[in-house]
């Protein structure tokens with residue numbers, strides 16, 4: 001969870017991204033190492049006469065490439081919530097979906113919904129019957145802390 005207060009107006013900015021612990025270059029090295037091991041084993045079995053292993057090895061490497069690509073697409077995801085004066089601005093990017101909502105501060109309500117106390121929590125910022133979920137990349141504790149922080153900032 002990142003929290004930034006900037007500007008002379010005291011604007012509150014919350015910016016969050018998913019944790020991407022595997023750098024791109026290291027991910028490529030791991031992919032090619034796994035592909036080499038997979039094809040190496042498949043070639044050995046193919047030389048022993050079990051040639052049907054090769055198409056399955058190709059399928060396995062293809063699925064592995066798809067998984068690494070899906071993981072790389074999530075690197076660009078983010079969400080930003082800005083409270084500045086009377087405006088509350090939500091911006092997000094998740095996969096191929098992007099969005100932006102501008103709300104009036106006085107009509108905004110923060111809802112927290114947990115299936116069990118403190119577990120599986122969802123935080124929504126609601127205004128005029130429409131809700132937008134925030135804190136997607138946070139833990140349950142982080143979401144509850146974010147909800148309290150937003151509520152206190154809205155009251156200021």
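Values quoted throughout were computed directly from the atomic coordinates according to the rules given, and no laboratory measurement underlies them. As the structure is a prediction and not an experimental result, all values here were calculated from the model. Backbone-built Cβ (ideal geometry, glycine too); neighbour counts: all protein chains shown.
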**Message:** So, R0 is 35 Å and r is the distance between the beta-carbons of residue 145 and residue 54; what FRET efficiency does that work out to, to 0.05?
**Reply:** 0.10
**Item:** Rough spin-label spacing in nm, given labels placed 7 Å along Cα→Cβ, for residue 102 and residue 37
**Value:** 5.3
**Item:** Identified option (computed semi-axes √(5λ) of the Cα gyration tensor in Å; candidates (i) 24, 18, 15; (ii) 46, 16, 13; (iii) 51, 15, 15)
**Value:** (ii)
**Asked** For residue 116 and residue 72 in one chain, what is 0.36 nm times their gap in residues minus the Cα-Cα distance, to one decimal in nm?
**Response** 12.6 nm
**Item:** Reference-scaled alpha-carbon Rg (2.2 N^0.38 Å with N residues) for the stretch 24-75
**Value:** 1.29
**Fill in**
For the chain, longest principal axis from Cα atoms; helix 140-155 axis from its Cα atoms; angle between them, nearest 10 degrees, is 30
**Request:** Compare the peptides 124-134, 25-35 by average per-residue count of other Cβ atoms within 10 angstrom and give them in order, highest first.
**Result:** 124-134, 25-35
**Prompt:** Helix 24-47 versus the longest principal axis of the chain: what is the Cα-based angle in degrees, 0 to 90, to the nearest 10?
**Reply:** 30
**Request:** At q = 0.16, 0.18, 0.27 Å⁻¹, what is the base-10 log of I(q)/I(0) for the stretch 90-156 according to the Debye formula with one equal point scatterer per Cα and no solvent? Please give it to two decimals.
**Result:** -0.56, -0.71, -1.27
